[in-house]
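The values are calculated or read from the model by the stated rules, or taken from the named source; none is laboratory data. None of the values given here were measured: they were computed from a predicted structure. Cβ coordinates were reconstructed from backbone atoms using ideal geometry, including for glycine residues, and neighbour counts include every protein chain displayed. Keep in mind that these areas ignore ligands, DNA and RNA; they rest on the heavy atoms of the full protein, side chains included. Shrake-Rupley method; radii C 1.70, N 1.55, O 1.52, S 1.80 Å.
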Amino acid sequence: MSVLIIVFLTAVAALFSGVFEQGKFARYIGILGLIIALYVSFLPECSFFEHYRHMYEYGSNTALFTKISIVTTLLLFFLGGFAFSNHRSHQSELYALMLFALCGGITLFGYQNLVTLFLGIEILSIPLYVMAGANKTDLRSNEASIKYFLMGAFATGFLLFGITFIYGSTGTFDIYKIHDFGAAHPKDVMFILGVILMLCALAFKVALAPFHMWSPDVYYGSPSLITAFMASVVKISGFFAFFRLMNISFAGVTHEWINILGVFIIITLLLANVMGLAQTNAKRMLAYSSVSHAGYIGLVFFGMTNLSTYNLAFYLFAYSLSTVGVFMCLIWVEKLKRETSFGAFKGLAKSEPLLATVAAISMLSMAGVPLTAGFMGKFALFSQAMNGAAFLVLVAVLGSAVSIAYYLRLIIAMFFFKETTFKTSEKVTITYNIVAVVIIASIIILGVFPDLFAKQFGL
């Protein structure tokens, strides 16, 4: 909980820094606070917070996912100076909202009862509704904000209705006591109905089809850095909360929900990859790519072992690195060209080879090409799922093969055009180059030496 308090105080400081110099110090305050929070996350938890263990517990898994979410947010903050250059009048609010959303994510990593789960989801979601509409003069951004808000409120209704049924049947919000009730009463109709409603609500939060309908429009309309935050940090938070709930609270009635989840995953993998092929806009393509990755990550629920949590963390970290790598390229192109169609990327490798390279390696990692972190993440999840859902693995492999086609379209546009369409003299900043090198090195090193992930994060 020490990390949560540090991130919260950093968010407050970043917010009030807007009073001075139009908030230009907010990013530096955020970076400093995140570095301190990352350092504290490696330390033992303060004994004072033992009083709150019935609500929130900072265990080893909580610490692991907290670290990877802070690292991802830190990378995004380094990109913020250029990405938010059009939002100088309210950039402090945007940085603060990202940190408040991160507070919600950290809450989701250690919740011990359903009330804390609900609070974490709302603390995570409400800043996102605001950030999606940050481009006030852009109708697509306004549409993204209102659509996300309305659909999010709808999903929250499902979640609360499910919690009501669970509490009505068990008489408790504690996730471990709920597990005991489910194991003792696996045929309780009210309990099972609550499980299904909560499954649907969390499927919405992680953009599993058919509850993904908000995702493409929201990702496309939001400012690109916010979209990258949604596709990485929010997905890390949502999936671990989902995994924790189904693996602990509802493990006693797995037979009632596992087949429903399997259907969601099949629809997600087929629909998202086919729709990704049909896109002519890189940002929208990446939105469907994010939906498809929700399907791959969903395989963690099948054939679960002692390594399932580690496999989930590794995949989410590899995917988040790749997401930041692609979006830093997209942010640059969007700022110069005012668009994100595939044509806007033509010849990028001629003028900015490092930026094109980090985007290409990131997309190859997303596709699961060997010697990348994404390949090792998919290999671990697919190997695990083979024990209980071989058909789902087959669908996932086919989906990965299809995804290569739409990733290659963007890679070809960047590397295989003789003439560059970038006539500007503006060059990528040193910060961007450093982040690009870090991401390229991380993806390749984790793809060759995946055990380094466990060592670097204190496992």
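Some observations on this one:
- Rg/Rh ratio calculated on Cα atoms of the stretch 1-141 (Kirkwood radius): 1.00
- Between helix 235-244 and the chain: long-axis angle, C-alpha atoms, 0 to 90°, nearest 10: 10
- Kirkwood hydrodynamic radius of the stretch 113-167, Cα pairs, Å: 12.1
- ³J(HN,Hα) computed for each position of the stretch 187-202 - Karplus, 6.51 cos²θ - 1.76 cosθ + 1.60, integer Hz, glycine/proline x: 10, 5, 5, 4, 5, 5, 4, x, 4, 5, 5, 5, 4, 5, 5, 6
- Taking the accessible area of the stretch 144-265, probe 1.4 Å, and keeping the other protein chains in place, the carbon and sulfur fraction comes to 71%.
- Angstrom value of the Kirkwood radius, inverse mean 1/r, which spans all Cα pairs in the chain: 22.1
- In the chain, taking the dipole from charged Cβ atoms about the Cα centre, the farthest positive-side position among PRO216, ALA413, ALA134 is held by ALA413.
- ³J(HN,Hα) computed for each position of the stretch 403-413 - Karplus, 6.51 cos²θ - 1.76 cosθ + 1.60, integer Hz, glycine/proline x: 5, 4, 4, 7, 5, 5, 4, 6, 5, 4, 4
- In the chain, taking the dipole from charged Cβ atoms about the Cα centre, the farthest positive-side position among VAL40, GLY388, ILE266 is held by ILE266.
- Assigned charges on the beta-carbon of Lys, Arg, Asp, Glu; the chain dipole about Cα centre (debye): 1120
- Of the two radii for the stretch 152-286, the radius of gyration is 1.04 times the Kirkwood radius, both from the alpha carbons; that is the Rg over Rh value.
- Based on the Stokes-Einstein relation at 37 °C and a viscosity of 0.692 mPa s, and on the Kirkwood radius from alpha carbon pairs, the stretch 320-459 is assigned a translational diffusion coefficient of 203 µm²/s.
- Cα-Cα pairs of the stretch 1-66 separated by more than 14 Å (percent): 61
- Degrees between helix 139-170 axis and first principal axis of the chain (Cα, 0 to 90, nearest 10): 10
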